[in-house]
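The values are calculated or read from the model by the stated rules, or taken from the named source; none is laboratory data. These figures come from a predicted structure and were not determined experimentally. Cβ: placed from backbone, ideal geometry, glycine included. Neighbour counts: every protein chain shown.
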Amino acid sequence: MMARISLAGITAAIIALISACDPGTRADGDTTSASPSVSTAGTADAPPASIPPRVTPTFPSSWRFPTGARASFAPKAMIASNSSAATDAGAEILRRGGNAIDAAVAVGFALAVSYPEAGNLGGGGYMVIRKADGTVATLDYREVAPLAATRDMYVDASGTLTGGSVVGHLASGVPGAVAGMTEALRAHGTMALADVLAPAIRLAESGVVVDSALSASLGNAKDLISRFSGGTVWLPNGQAPPVGTVIRQPALARTLRLIAAKGADGFYRGETANSIVAEMRRGKGIITNADLEVYKPKWRDPLRTTYRGYTLLTMPPSSSGGITISETLNILETFDGVPAYGTAAWFHRLASAYQLAFIDRNAKLADPDFVQVPIVELTSKDYARTLASKIRPDSALRTEAVTGATREGTQTTHYSVVDSLGNAVATTTTINELYGSGVFIPGAGIFMNNEMDDFTSQPGTPNLFGLVQGEQNAIAPGKRMLSAMSPTIVLDLAGDVLLVLGSRGGPRIISSTSQVILNVIDHHMTLADAMSAPRIHHQALPDTLRHERDGLTPEVHRALTDTGHRLATYPSPGLVMAVMRVRDGWQGMIDPRSFGKAAGH
Ligand code: DON
């Protein structure tokens, strides 16, 4: 018997097709550099006294990552990011006496230089800050729809989506990254903007050394990049640069110097803004100088929820991440006891909780400046009990069946920073898909986002992440498109920072970030095991439980199928970057499915 859940207003069907392998993922799980700056030996895994001892999980025998791996360890401070050069930029700022916010901003600007597929000035993001004095702040620097945007701008006369939300000049929201990072620094940093920008400027001028991951990423995106002018920088001779090539970015260096001299005005007004607008005009885009001049990041009231005595500090809307994670965890908290990690009972319960939370996510969440978002109700423990009562131990819930096909895209990046004073920063930033809309601004040296695709271009029709969203997330001028980004800080039972984490991967951000949290809290795993454990994903539509290849034992696969779940593998879950407190310091870890560097001092 299957319980039936209807999702109002959704009429199209989704066939679970995942065609695009996350270009950030290496099939061999190789990590470019996760080398610790301090020895990982000895007691580095010992948890702080405020959480229970760690337990080694059992992974399926064919699973590609072993248990017992080691995260990087450092006694005082830690940074984890997708780019070795960006982590080094942050470490340099920490060494020079900067705090975690100074370092995070340095990492963000350096990612814009060294990690063009996702690091950006042409996109937006979210930052969660928890300072040593207990202050919590959440900054929303999500892109907004241009002033000339209209509800149906991606639907043609025959009612068909044009694809304009994905590739080309019309796909971009007004970038928020520079306004966000400069505002975070102004409010909570200690160093001058020019000083935190210095490593990024140096990197842009002296050159980024292409590693195997960057070379492969550029190779995969060659067709898109070549459609616009990004190849002039990133595809020398029209080809992805081989490993070891040094890529200098004088235009980007100039943009960064303008920002260093003028603050956000160096981007939103004058030369840089004019370059963006000129390229928009050339390609029939709609971003104007007025759009850039009025863009403002927003400090939001942090979302604070609890899970089994731990506290989550996370992003409220315009991201759906915090609410959807909180709703999922609240549902799980209503059950007595926790099935062992890896069992069908665990994955069934988890998938069902995601499914219920995503039904709300897809129908009720959007920019709170434009629509009413029932944050208190959705994150209440009472509401979670109502939802949890729909979950039966022996039967899968059924999201209303719909038709249609989806593809899934990639490219976002998360970084976590803690400093020796106890300040912590979790930041996720994106241009949405790999190299955003493909559009490159030659005068500014930046790729533009294709974040407009995160709006509901047409209610009931899936976006590139297969998300079928509702009317409340419809396009309107100045509105922020709903996001799944979930930068999160978890406090332990004593109220001290335990985890600083987040992920990339569209809706898979939510399931991946929360599973690392659950693996640490419920399954008492070390950080490395929590990150290495096979993950699942369910986003209500398509009504499919996604799992990693070899991530379920055959018995568990069969049991979940018998329960009524439609199972499908996915090429990659979200890719998590995390920092966790241990007894004698901090561990940092790059998702073993990804690459980057965790290092500290
Ligand atoms: O904001 C969002 O939810 C998406 N634009 C994030 C895209 C993403 O994570 C792609 N990454 N791999």
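Among the residues of region 378-396, are any within 16 Å of the ligand (Cβ to nearest atom), more than 19 Å from the chain's Cα centre (by Cα) and modelled with pLDDT under 95?
Checking region 378-396: not a single residue is within 16 Å of the ligand (Cβ to nearest atom), more than 19 Å from the chain's Cα centre (by Cα) and modelled with pLDDT under 95.
Do you know which residues across region 108-132 are in a helix (DSSP H, G or I) and under 15 Å from the mean Cα position of the chain (by Cα)? Spell out the reasoning first.
Filtering region 108-132 for residues in a helix (DSSP H, G or I) gives 108-114.
The answer is Gly108, Leu111.
Could you run through region 570-601 and say how many residues are out of contact with any strand residue (DSSP E or B) (no Cβ under 6 Å at 6 or more places or on another chain) and among the β-branched types (Val, Ile, Thr)?
1
Can you tell me how many residues within region 440-488 are within 26 Å of Lys222 (Cα to Cα), at pLDDT 95 or above and within 16 Å of the ligand (Cβ to nearest atom)?
8
Kindly establish whether Ser483 is among the hydroxyl-bearing types (Ser, Thr, Tyr) and under 20 Å from Ala71 (Cα atoms). Can you show your working first?
Values: among the hydroxyl-bearing types (Ser, Thr, Tyr): yes; under 20 Å from Ala71 (Cα atoms): no.
Spelling it out, it is not the case that Ser483 is among the hydroxyl-bearing types (Ser, Thr, Tyr) and under 20 Å from Ala71 (Cα atoms).
Only residues that are farther than 24 Å from Leu397 by Cβ and free of Cβ contacts under 8 Å to residues at least 60 places away in the same chain: list them for region 505-552, please.
Ala530, Arg549
Considering (1) among the aliphatic types (A, V, I, L, M); (2) surrounded by 20 or more Cβ atoms within 10 Å (Cβ to Cβ); (3) in contact with an Asp or Glu (Cβ under 8 Å, 6 or more places away or on another chain), say which one Ile225 fails and leave the rest.
Every listed condition holds for Ile225 apart from (3).
Would you mention how many residues in region 408-437 are farther than 24 Å from Ala91 by Cβ, within 9 Å of the ligand (Cβ to nearest atom) and at pLDDT 95 or above?
2
So which of Met181, Met127, Met153 is surrounded by 24 or more Cβ atoms within 10 Å (Cβ to Cβ), under 29 Å from Ala278 (Cα atoms) and in contact (Cβ under 8 Å) with a residue 24 or more places away in the chain?
Result: Met181 is the single residue among Met181, Met127, Met153 that is surrounded by 24 or more Cβ atoms within 10 Å (Cβ to Cβ), under 29 Å from Ala278 (Cα atoms) and in contact (Cβ under 8 Å) with a residue 24 or more places away in the chain.
Of the conditions (1) over 21 Å from Leu111 (Cβ atoms); (2) in contact with a Leu (Cβ under 9 Å, 6 or more places away or on another chain), Ser503 clears all except one; give me its number.
(1)
So which residues in region 353-388 are touching a residue at least 60 places away in the same chain (Cβ under 8 Å), part of a loop (DSSP other than H, G, I, E, B) and closer than 21 Å to Thr399 by Cβ?
Within region 353-388, Leu365, Ala366 qualify.
Scanning region 429-472 for residues that are in contact with a Phe, Trp or Tyr (Cβ under 6 Å, 6 or more places away or on another chain) and outside any loop (DSSP other than H, G, I, E, B), which turns out surrounded by the fewest Cβ atoms within 10 Å (Cβ to Cβ)?
The qualifying residue surrounded by the fewest Cβ atoms within 10 Å (Cβ to Cβ) is Phe440.
Have a look at Ser165, Ser114, Ser81 and point out the one that is touching a residue at least 40 places away in the same chain (Cβ under 8 Å), within 30 Å of Thr311 (Cα to Cα) and not basic (Lys, Arg).
Working: Ser165 fails: within 30 Å of Thr311 (Cα to Cα); Ser114 fails: within 30 Å of Thr311 (Cα to Cα).
Only one candidate passes the filter, namely Ser81.
Please note which strands (runs of 3 or more DSSP E) are completely contained in region 489-580 and include at least 1 residues that are at pLDDT 95 or above, over 22 Å from the mean Cα position of the chain (by Cα) and not β-branched (Val, Ile, Thr).
Ranges flagged: 567-569.
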